1. Just give me the residues in segment 409-462 being within 22 Å of LEU740 (Cα to Cα), surrounded by fewer than 20 Cβ atoms within 10 Å (Cβ to Cβ) and of a type in the set (A, V, I, L, M, F, W, C), in sequence order.
2. What number of residues within segment 441-467 are closer than 21 Å to GLN624 by Cβ and outside any helix (DSSP H, G or I)?
3. Is it the case that ARG559 is crowded, with 18+ Cβ neighbours inside 10 Å, of a type in the set (Lys, Arg) and touching a Gly at 6+ places or on another chain (Cβ under 6 Å)?
4. Within the bounds of segment 476-483, is there any residue that is farther than 30 Å from GLY613 by Cα and under 26 Å from the mean Cα position of the chain (by Cα)?
5. Name the single residue, out of those in segment 617-632 being outside any loop (DSSP other than H, G, I, E, B) and away from the ligand (no atom under 13 Å from the Cβ), that is farthest from SER670 (Cα to Cα).
6. Restrict the check to segment 355-364 and report whether at least one residue is within 16 Å of the ligand (Cβ to nearest atom), touching a Lys or Arg at 6+ places or on another chain (Cβ under 6 Å) and modelled with pLDDT of 95 or more.
7. Any idea which of (1) away from the ligand (no atom under 15 Å from the Cβ); (2) out of contact with any helix residue (DSSP H, G or I) (no Cβ under 8 Å at 6 or more places or on another chain) is the one SER670 doesn't satisfy?
8. Determine, yes or no, whether ILE725 is within 16 Å of the ligand (Cβ to nearest atom) and either surrounded by 23 or more Cβ atoms within 10 Å (Cβ to Cβ) or part of a helix (DSSP H, G or I) (or both).
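The values are calculated or read from the model by the stated rules, or taken from the named source; none is laboratory data. Worth saying up front: this structure is predicted, and the values here are computed from it rather than measured. Please note: Cβ atoms are built from the backbone with ideal geometry, for glycine as well, and neighbour counts cover all protein chains shown.
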Amino acid sequence: MTSVSASPVHGAVTDWLLRFDGYDPADERRREALCAVGNGYFASRGAWAGSAAGDRHYPGTYLAGYFNRLTDRIGQADVENESLVNLPDWLPLTVAIDNGEWLTPDNSDVLEHDVELDLRRGVLTRRFLLRDRHGREVRGIERRLASMADAHLGGQTLAVTAVNWSGRIRIGSAVRGGVTNSGVERYRKLAGRHLTDLTPVVADDKLIVTATTCQSHHRVAVGTKTVALHNGDVFDWATRTDSTSAYAELSVEVTAGDVVSAEKVVAIHGSRDAGISEPELATRIALDNAPGFEQLTEAHALAWSQLWRRFSIDLEEPFDGTLAALRLNLFHLLQTVSPHSIDADAGVPARGLHGEAYRGHVFWDELFVFPVITLRIPELTRALLQYRCRRLPAARLAARQSGYPGAMFPWQSGSDGREESQRLHLNPLSGRWTEDATFRQRHVGLAVAYTMWQYVETTGDVGFLSDYGAEVIVEVARFFAALAEYDAGRDRYVIRGVVGPDEFHTGYPGRADPGVDNNAYTNVLAVWLFDAAAHALDRLPPWRRTELIESLGLTQAERNRWDELTRRMYVPFHDGVISQFEGYERLEELDWPHYRRKYGDIRRLDRILEAEGRDVTSYQVSKQADVLMLLYLLPRRDLYSLMDRLGYPLSSGILRSTVEYYLARTCHGSSLSAVVHAWGLATLDPDRALAFLEQALHSDSGDATRTGTTAEGIHLAAMAGSADIVQRCFTGLTTTNDVLRFGPRWPAKLGTLRMVLRYRGHRVVAEISTKSVTLTVDPEPGPAIAARCYGRTRLLRPGETHTWTPPH
Ligand code: BGC
């Protein structure tokens with residue numbers, strides 16, 4: 001039926017609130033992703049409670065690391081996909097009048113409707129006023145949360161008022177087990193039923209559905225306990241089960257103005273959880289001992305306030321909306337990975353726990369996420385890195401099966417570290433399936449090694465390096481050293497047949513062999529890695545270095561080759577810029593104005609061109625930053641010296657031309673692109689860098705994404721990356737060589753930054769503006785830290801403050 005209060009529909013983030021006024025069915029699924037509640041263990045989308053999965057609503061609940069495989073027959077081939085599993089839906093808490101249908105905004109007149117996410121406390125509130133076809137109005141308010149205090153618990157309340165009528169009101173509560181993975185339209189024709197052995201039970205006041213994932217055999221239990229109140233009386237529920245679900249219902253006689261309220265607690269456990277053997281029993285016990293909603297909220301809000309103290313990033317007088325968007329992004333980051341993720345062995349899913357895009361897979365996005373976490377909860381980064389360490393055997397096997405030594409990490413990773421990338425891609429614009437060679441993004445291994453080294457540099461956690469990190473770094477270096485072939489004509493080493501971060505270029509037009517040659521990002525970062533691997537070994541205590549060298553059988557000849565590669569790797573250039581890959585300059589130029597005019601949104605030029613019968617690989621068109629990733633990952637002076645050693649001296653002119661060249665040829669089809677471009681432009685063109693910050697900040701909450709894919713899950717790397725632009729890019733914060741270093745290029749428009757960091761066991765408050773940098777170390781036991789700014793180093797002891805001002 002009609003929705004009366006429309007707009008603003010895009011979602012306004014003010015201060016600590018994300019708010020959507022009105023009911024807009026077309027935007028509902030994006031709102032659900034942005035209004036998801038989660039705690040790093042599980043997350044539930046912000047769907048209308050009790051809504052059925054369909055085009056308008058998608059009430060998904062996901063548990064970190066709970067994957068399952070299903071197989072489809074496509075053409076002549078069996079295609080297997082592993083997906084993060086949508087679990088039984090615990091959200092139904094609904095209202096009906098007499099024997100009428102459960103009221104929803106789709107079967108009644110929506111007189112009022114708004115949704116508000118309190119970012120400070122992590123509570124979602126939905127208010128509504130609905131009118132049924134007999135003119136009877138019900139006002140309601142629903143709140144929900146996923147407890148940040150107890151990862152296994154969540155809660156919900158519903159209070160409804162019979163506005164202008166008297167009669168019978170019904171309240172329904174349920175746990176619905178008949179769910180499938182059907183949240184992404186492109187995958188809908190493929191198998192999506194992951195749960196089997198569904199067992200709904202009613203036990204006293206509890207509804208519990210247990211189920212098993214059909215291939216991975218994880219047992220999960222989702223249970224609820226609901227209490228209803230009317231005029232101080234508590235009511236009994238009529239309960240029932242069917243083959244998949246458990247339901248409770250009650251009815252109350254009310255007179256106009258009466259309020260009926262219900263309170264529901266959910267408990268979720270799974271057989272993958274540490275310390276759990278029987279998920280159903282654990283769920284029963286948790287429900288029996290769970291506090292009421294108020295108490296649950298108190299503990300939850302306290303946990304959030306503690307997290308916010310750690311993640312405090314404040315801007316004084318920033319330009320419009322920056323701070324609010326920053327908080328929204330940090331909020332969703334912490335709902336995806338939090339201290340509750342430490343034992344989950346789940347990695348960093350690219351689209352959060354907020355939807356089914358990319359099937360919940362883990363790519364290289366942690367590269368953009370860790371810098372924000374490591375400087376606040378280093379033990380969380382450590383745990384997330386362990387996800388990769390545990391999958392080193394799978395990466396070794398993949399390398400061996402491809403004929404290489406060392407470790408080849410998968411481009412898309414899921415439960416056990418095998419390659420999960422799809423081999424066929426459906427272009428929704430043309431309806432055609434095309435070969436997908438994006439799995440050739442071998443650079444993901446470089447990201448794995450890079451994040452490990454960066455973690456060690458920031459934290460000084462040599463224990464991690466010694467026990468886990470060095471082995472991974474060495475094995476990845478080995479793989480890349482073998483991937484590099486000697487090209488006698490050039491007297492240089494080359495890497496052929498890979499795909500760089502720009503996924504549009506999975507090959508050359510007309511060449512049968514997939515992949516491109518000498519992707520500059522891959523070659524240069526591999527060189528960085530050979531050097532880092534040598535450093536990693538040097539950093540180990542001698543006894544451990546000996547052990548590792550022995551058990552890996554690492555020879556001096558291999559180490560000599562690494563050294564040789566740091567001097568003789570080939571890097572392509574053309575017209576005074578670094579080439580994205582060999583031959584990029586020979587590709588056709590695209591008529592950009594024509595495509596912009598014709599299509600408006602040209603972020604997915606690959607699909608647009610394919611639908612026109614063309615091939616994106618023929619054009620100088622990049623989906624996202626590729627060469628510029630080097631400026632993102634490597635401090636300028638490190639990049640200069642690395643390239644010098646290779647015999648390719650760089651200059652600021654070359655870098656400026658390189659940035660300009662690719663900026664003109666990139667359509668930003670990935671949200672990561674904005675983060676990297678902000679970095680590339682921070683010193684060259686601060687105003688344009690700010691524009692990219694804006695883009696990264698609003699990549700999910702902004703208007704543009706109404707045509708994007710936020711409905712299927714948030715873009716975690718862009719969310720975290722936007723915070724990282726503020727904390728590291730504009731402040732010039734680096735943590736190499738045991739020095740906390742700032743080199744601000746702080747934009748006056750952002751006012752003053754005040755952020756809290758954790759560095760080498762200390763809590764450090766940093767205040768940065770165009771005028772000064774001030775660091776204060778909390779008074780707590782521990783050694784002094786070395787901090788440097790504007791060329792001056794200070795040893796800061798606990799309790800000390802120091803201010804640096806720019807030289808005149
Ligand atoms: C990007 C990748 C990214 C993935 C998941 C893709 O569109 O090209 O770089 O890792 O999305 O976020």
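1. VAL462
2. 2
3. Answer is no for this residue.
4. Yes.
5. SER618
6. Within segment 355-364 (the criterion being within 16 Å of the ligand (Cβ to nearest atom), touching a Lys or Arg at 6+ places or on another chain (Cβ under 6 Å) and modelled with pLDDT of 95 or more), the answer is yes, since at least one residue qualifies.
7. (1)
8. Here the answer is no, as ILE725 does not meet what is asked.
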